[in-house]
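Here's the structure we're looking at; comments come further down.
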Amino acid sequence: MFFRRLLNYIFGRKENDLEKKRYLGFEIKKMDNIIFRQLKKKLVDAGFDEVTVMHGHILGYLCRHKDKDLYQKDIGEAFGIGKSSVTNILQLMEKKGYLVCRTDDNDGRCKKIVLTQKGEETHAATVKVIDMLHEELEQNVTEEEKRVFLNVIEKMKKNINDMNKEDEQC
């Protein structure tokens, strides 16, 4: 609400002007918030209140890449988060027993991230909850509607990437 009022003030628009025009970026953000809240609720209902959504993403990433050595920088790059945030997240996940950070044999400065049995089990259980949420979310949405939606999202991502490339050229 604050953001909308700020935009109105900056651009000299009346409150109703923004409400009439439904910006896709705002709609995506609202939907992201709704999905996030619903996922959090379903995870808590299933007994996973100590698992944050980011922890779930990282557990999934580690499970999908368990055949290769992974380090803190890999997590940061995969999720677009900074080094200090990754450090804090991994320390908490290690404290909860989802993973261990071991010193690399070849480079003592690097910590190899290894998923524990508890981490694998937690991931498997949360995937079931997430799959159920997506099934419920996509009810009554046809394959054609999904295809169109994904095409629009890809175009918007390309537009943002193109804007970032223009900014880098300046």
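The values are calculated or read from the model by the stated rules, or taken from the named source; none is laboratory data. From a predicted model like this one, the values you see are computed outputs, not experimental measurements. The area values use the complete protein model at the heavy-atom level, side chains included, leaving out ligands, DNA and RNA. Shrake-Rupley method; radii C 1.70, N 1.55, O 1.52, S 1.80 Å.
Restricting attention to the stretch 87-100, does a residue exist that is polar (S, T, N, Q), under 14 Å from THR52 (Cα atoms) and open to solvent by 60 Å² or more (accessible area, probe 1.4 Å)? Even if it seems obvious, please write down each step before you answer.
Taking the stretch 87-100 as the starting set, the residues that turn out to be polar (S, T, N, Q) are 87-88, 91.
After this cut, where a residue has to be under 14 Å from THR52 (Cα atoms) as well, the list is 88, 91.
Within this subset, residues satisfying the condition of being open to solvent by 60 Å² or more (accessible area, probe 1.4 Å) are 88, 91.
Scanning the stretch 87-100, I find at least one residue that is polar (S, T, N, Q), under 14 Å from THR52 (Cα atoms) and open to solvent by 60 Å² or more (accessible area, probe 1.4 Å), so the answer is yes.
Condition test on GLU143, is it more than 28 Å from LYS40 (Cα to Cα) and either of a type in the set (D, E, K, R) or modelled with pLDDT of 95 or more (or both)? No.
Considering only residues that are aliphatic (A, V, I, L, M) and open to solvent by less than 50 Å² (accessible area, probe 1.4 Å), look in the stretch 46-77 and name the one that is nearest to GLU121 (Cα to Cα).
As a first pass, look at the stretch 46-77 and keep what is aliphatic (A, V, I, L, M): 46, 51, 53-54, 58-59, 62, 70, 75.
Applying the additional criterion that residues be open to solvent by less than 50 Å² (accessible area, probe 1.4 Å) yields 51, 53, 58-59, 62, 70, 75.
Working: VAL51: 12, VAL53: 16, ILE58: 14, LEU59: 10, LEU62: 12, LEU70: 19, ILE75: 20 Å.
Here the answer is LEU59.
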